[in-house]
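What follows is one structure encoded as C-alpha cells, with my remarks underneath.
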C-alpha cells in the first residue's frame, strides 16, 4: 500500500509521487549537451527525489557523484580550504560506500591520495585541478550533483 512521504527520497513503489520520467529525460538531455543547471524550489518539492532519479538514469553513461551538504555542520563553511577539503571527502565517501557505479581503480586511487593530503586544506584552484584530474582518470564522463546546497547559506 502506498503512502505519502514528506521526508527524504520518494520511491514510486512505496510512495505517491509525480511521474518524473519526462523531467529526467529533459535534464539528461541538458547534461548530454554539457550544460550545468540548478534545481531551485521550496521545501518538499521533490528536488532530492528528482536528483535520485537522475542519478539512476545517468549511471550507465556517466560516472555520477551525488553528494549532499546536509548534515556536514558549519565547520566546512568557515574557510575556502575547509570547504574544498570537505568536498573531496564527500566525493571519496561516495566511492567508499559504493554509491558510484563502475568507478575505475585509477579514480579510486586518485581520490584516496587527494584525501590523504588535505590536512593543510585545499584551495579552490587546487579543487578545480583535482576535479579535472578525476574527469581525465574516469572511463566515463563525470557528473557531480550537489544536494542541499542551501546548507551553505549561513
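No lab work stands behind these numbers, since they all come straight from the coordinates. Here the structure is a predicted model, which means the values were calculated and not measured. Using ideal geometry, Cβ is built from the backbone for each residue, glycine included, and neighbour counts are taken over all protein chains shown.
Length gained on full extension, residue 99 to residue 19: 26.4 nm, using 0.36 nm per residue less the C-alpha separation.
Stretch residue 136-residue 112 to full length: gain in nm at 0.36 nm per residue minus the Cα-Cα span? It would help to have the intermediate numbers written out before the result.
Numbers: separation 24, 0.36 × 24 = 8.64 nm, distance 1.59 nm.
Gain on extension, residue 136 to residue 112, equals 7.0 nm.
Here is the P(r) of region 64-141: all C-alpha pair distances, binned every 5 Å from 0, give 3, 16, 27, 27, 17, 8, 2 in whole percents. Here the spin labels are modelled as points 7 Å beyond Cα on the Cα-Cβ line, and at residue 3 and residue 43 they lie 2.1 nm apart.
Simple spin-label estimate for residue 59 and residue 26 gives 2.5 nm between the two label positions (7 Å along the Cα-to-Cβ direction from each Cα).
Could you work out [θ]222 nm for the chain from helices alone, using -39500 (n - 2.57) per DSSP H run of at least four and dividing by all its residues? Round to the nearest 500 deg cm²/dmol. Can you show the working numbers first?
Details: 5 runs with 67 residues, N = 154.
That comes out to -14000 deg cm²/dmol.
Computed from Cα positions, the angle between helix 47-58 and the longest principal axis of the chain comes to roughly 80 degrees. Helix 21-32 axis versus longest C-alpha principal axis of the chain: approximately 30°, rounded to the nearest ten.
For Cα Rg over 2.2 N^0.38 Å, the candidate list reads (1) 1.10; (2) 1.04; (3) 1.23; the entry that matches the value derived from this model is (1). Would you kindly calculate the translational diffusion coefficient of region 1-58, applying Stokes-Einstein with the Kirkwood radius from alpha carbon pairs, for 20 °C and a viscosity of 1.002 mPa s, and quote it in µm² s⁻¹ without decimals? Estimated via Stokes-Einstein, D reaches 175 µm²/s.
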